[in-house]
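What follows is one structure encoded as structure tokens, with my remarks underneath.
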Amino acid sequence: MKQIFELELYGKTMSFETGRLAKQANAALLAKHGNTAVLVTAVLAEKAREGLDFFPLLVDFEERYYAAGKVPGGFIKREGRPSESAILSGRMVDRSIRSLFQDWMRNDVHVVATVMSVDQVNPANILAINGASLALSMSDIPWDGPIGAVRIGCIDGELVVNPDEAQMPESTLDLVVAGHRGGVTMVEAGAKEVSEDLLVDAMELANEAIHKIVDFIDDVCAKAGKEKVVLPAPAVISEIDEWMEKEVYGDIYEAVQIHAKQPRGAAIAAAQAKTEANFAETHPDCEKYIATKMDEMVKKCVRKLLTEDKRRSDGRAMNELRKITCEVDILPMTHGSALFTRGETQSLGVTTLGMMGTDDQVLDGLKLDEPSKRFILHYNFPPYSVGEVRPMRGPGRREIGHGALAERALRAVFPDEANFPYVVRQVSDILESNGSSSMASVCSGSLAMMAAGVPVKKAVAGIAMGLIAENGKFGILTDIQGLEDHYGDMDFKVAGTRDGVTALQMDNKAGGITREILTQALTQAKEGRMQILDIMDAAISAPRTELAATAPKIVTMQIDPEKIRDIIGPGGKMIRSIVQRTGAKIDVEDSGRVSIAAVNDESSKAAVKIISDLVREVQAGETFVGTVTRMLAFGVFIEVLPGKEGLLHVSEISTHHIPKLEDAFGIGDKVLVTVKEIDDMHRVNLSRKRILDKLDELAADDDFKDQVLVEKAREERYALFPKSEGGSRREGAPRRDDGDRPRRDFGGDRGGEHRPARRFERDRKN
């Protein structure tokens, strides 16, 4: 039966419709916020999967292009692999709900959020988290929810709950928080150097809103919820449990105190092998049970070490950083490179500069008119970084998520287009990993961009904080390693400059995060961040003033949009010609902005000159080295600028007599000419004769000096031509010239007796 439940939240209404769609799922609902609609389904597999050592939760976030009235790009014209935004949204849903399932569950749970309508005002991911929470709570699937999720912005200094998409470009904070009554489960944030105090206030406001959502879901479940299925808990083999507690607990407690990752792993593996050997005959098929119990024992020892003994496995104090080293200019042919090493985590950051309009990342998602990305960060996590062997099949959800976090952290300091008209692709290759590789990517990226000469506003560093809460005691850990991340209660990543936070991400398994805990974690994170920035400054403290020799040199110029067609040419002929002649990349925007990228100044200047010549008008009195394009009886046409011709009349060629134009020039010859005039019909009339007495002066100009030698040689050759048959005009005397029209030459001395003869002949014909 169809039912609709509505929640009023800070002036906006969310509605959830059940009983009409996808009724064969364990739970299904259509969540709406404004005109944004998401179908959320939850399904529980009937049988548990054998042989698994983890809970099989799968969350899919499906974008349907019809939701925004769009047709997918490409040849196939249907949705393919999820977009990066869809993957990140799916990760947010997963991280929000996962910790509230029992670890021992082995029945598959599949949550699907399908975006079916987008109004460009209310984001679909927040709606999907709340929809997933309600669907799981109403269903018969075992789950310790509900949770709620909100987005917090800071606009004009005021915190706003669930701001519209149109407001977010002006917001200094983009914070997404999911949680339950016991505390926060997921935090994702990007910011423009906001203070830690503002973040704490924003988290508290989010918590207030979350409680309202949770209360609403509880009310709905009381009316329309199903009774939860009781899944069989895993069997307990007390004999093994007791023996391990007695015989290997001490070994494990010593193992977790070994500083190095691989020796520590080897010691734990030896304890597990000892247990398996002891029960090989009595319990031959209990390897997975022993592995699970071993993992529980390692967790128990790690937490005891931290909460009771106040010691860390690698010997550090609770607020102490691992050893950090920074190096720049690692790779000689790249535009910028840096190596950041923190303990056993190592990130190689490489910066590549590209051209706008050509190398920027085009986004094809549900947002209308979404601008392309000028700054891109890609994160790679090869198996050798953790000493493993597995196929390398491209980036997964983890790689995309970590890359997006590091990109968000650095985007806040990335220069604007006006000051730096480049596309930047930043790559982080993780060479070693033992915790906090995403934050190492932030540090290596900041260093590499500075080394490349990218004028970033400030250096950015990142650090991962941890939390251990046990029996009412808690400890905040600075710069956690893999062991502390895996067995701890919180992974709290904070990135920022000396002046504020630029990115935040938290996954919490502990329950309540009080203001005290949050404040202490952010304070320790700031202290650690300042120490890291000091070390980074020692390697490179500011962006280099010049780009690498291998980097493209990009010049921008503004032209009249009406002149764009002159640059493009028919069918793109002109712009292809410029690219072929200069080797430069050229991008022309509809606004008239032209970007020129070249590997050297010579190529760049050549392209700039050609384009400038294409769009400018010829002025009277200008001098050019033109090219002969056409020859007629009365003169030659010369191209003085690309696509712009002028007429050099035969009378304006030389002071010497030119018997035939073919004797003077050939098609393709270079000629030094000046613009005599531009007539009322915008025709360009040229003269060579008028600059002959200025050749020595023009020879001082680098643009003309070579052609001056050619013209002097021509004049010497023209002087050898036979004199005109018309009489005694003295050598070098200029001819009378009545204009640019072709002169009628009737032979002889052009005396008056010839004109009556022509009239007589005409009369006879009549």
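No lab work stands behind these numbers, since they all come straight from the coordinates. Quantities reported herein were computed from a predicted structural model and do not represent experimental measurements. Note: ideal-geometry Cβ built from the backbone for every residue, glycine included; neighbour counts use all protein chains shown.
Checking every one of the chymotrypsin sites (Phe, Trp or Tyr not before Pro) in the range 641-725 against DSSP loop status and a limit of 11 other Cβ atoms within 10 Å picks out no site at all. Pairwise inverse Cα distances across the range 207-318, averaged and inverted, put the Kirkwood hydrodynamic radius at 17.2 Å. Straight-line reach from Lys293: taking Cα to Cα under 26 Å and skipping same-chain neighbours fewer than 8 places apart, the lysines in range are Lys47, Lys246, Lys261, Lys274, Lys304, Lys310, Lys473, Lys509. Any idea which of Ala270, Ala235, Ile258 is furthest toward the positive side of the dipole for the range 211-278, if Lys and Arg beta-carbons carry +1 and Asp and Glu beta-carbons -1? Farthest towards the positive end: Ile258. Per-residue 3J(HN,Hα) values for the range 90-106, derived from phi via the Karplus relation 6.51 cos²θ - 1.76 cosθ + 1.60 with θ = phi - 60°, read x, 5, 5, 4, 4, 5, 6, 9, 4, 5, 9, 8, 6, 4, 7, 4, 10 Hz in sequence order (x marks Gly and Pro).
In this calculation the C-beta distance from Lys70 to Asp201 is compared with R0 = 45 Å, giving a FRET efficiency of 0.75. A convex hull fitted around the alpha carbon atoms of the chain yields 236 Å³ per residue. Against the main long axis of the alpha-carbon atoms of the chain, helix 287-307 sits at an angle near 90°. Contact order, relative form, for the range 3-224: 20 percent (alpha carbon pairs under 8 Å, 6 or more residues apart, mean separation divided by residue count).
The phi torsions of the range 119-130, fed into the Karplus equation with coefficients 6.51, -1.76 and 1.60 and a -60° offset, translate into couplings of 9, 6, 10, 9, x, 6, 5, 5, 5, 5, 5, 5 Hz, rounded to whole numbers, with Gly and Pro shown as x. Distances between placed amide hydrogens fall under 5 Å for Thr655 paired with no residue 5 or more residues away or on another chain. May I ask for the net charge around Val386, where only other residues with Cβ less than 15 Å from the Cβ of Val386 are counted and Lys, Arg are +1 while Asp, Glu are -1? Neighbour charge sum, excluding Val386 itself: -2. Just want to confirm a number: the relative contact order over the range 553-615, from Cα pairs under 8 angstrom separated by 6+ residues, in percent. Relative contact order of the range 553-615: 43 percent. Short-range pairs are left out: with C-alpha atoms under 8 Å and at least six residues apart, the relative contact order of the chain is 9 percent. Its alpha carbons give the range 623-718 an Rg and a Dmax of 12.5, 36 Å. With θ taken as phi - 60° and the Karplus curve 6.51 cos²θ - 1.76 cosθ + 1.60 applied, the whole-hertz 3J(HN,Hα) list for the range 430-440 is 7, 8, 9, 9, 8, x, 6, 6, 5, 6, 5 Hz, x standing for glycine and proline.
Relative to the dominant Cα principal axis of the chain, helix 754-765 is inclined by about 90°. Taking amide hydrogens as placed 1.01 Å from N in the peptide plane, the amide H of Leu477 sits under 5 Å from those of Gly466, Leu467, Ile468, each at least 5 positions away in sequence or on another chain. Using Cβ point charges alone (K and R +1, D and E -1), the dipole size of the chain about the Cα centre works out to roughly 2980 debye.
A cut-off of 5 Å between modelled amide H atoms, ignoring neighbours fewer than 5 places along the same chain, links Leu686 with Leu647, Leu648, His649, Lys676. Helix 573-582 versus the longest principal axis of the chain: what is the Cα-based angle in degrees, 0 to 90, to the nearest 10? Orientation of helix 573-582: about 80 degrees from the principal axis. For the pair Asp218 and Thr519, label points projected 7 Å from Cα toward Cβ lie 2.7 nm apart.
At the listed q of 0.20, 0.23, 0.29 Å⁻¹, the Debye profile of the range 553-615, built from one uniform point per Cα, gives log10 I(q)/I(0) equal to -0.67, -0.89, -1.38. Taking trypsin sites (Lys or Arg not before Pro) across the range 314-383, the ones in a DSSP loop with at most 15 further Cβ atoms lying within 10 angstrom of their Cβ are Lys323, Lys367.
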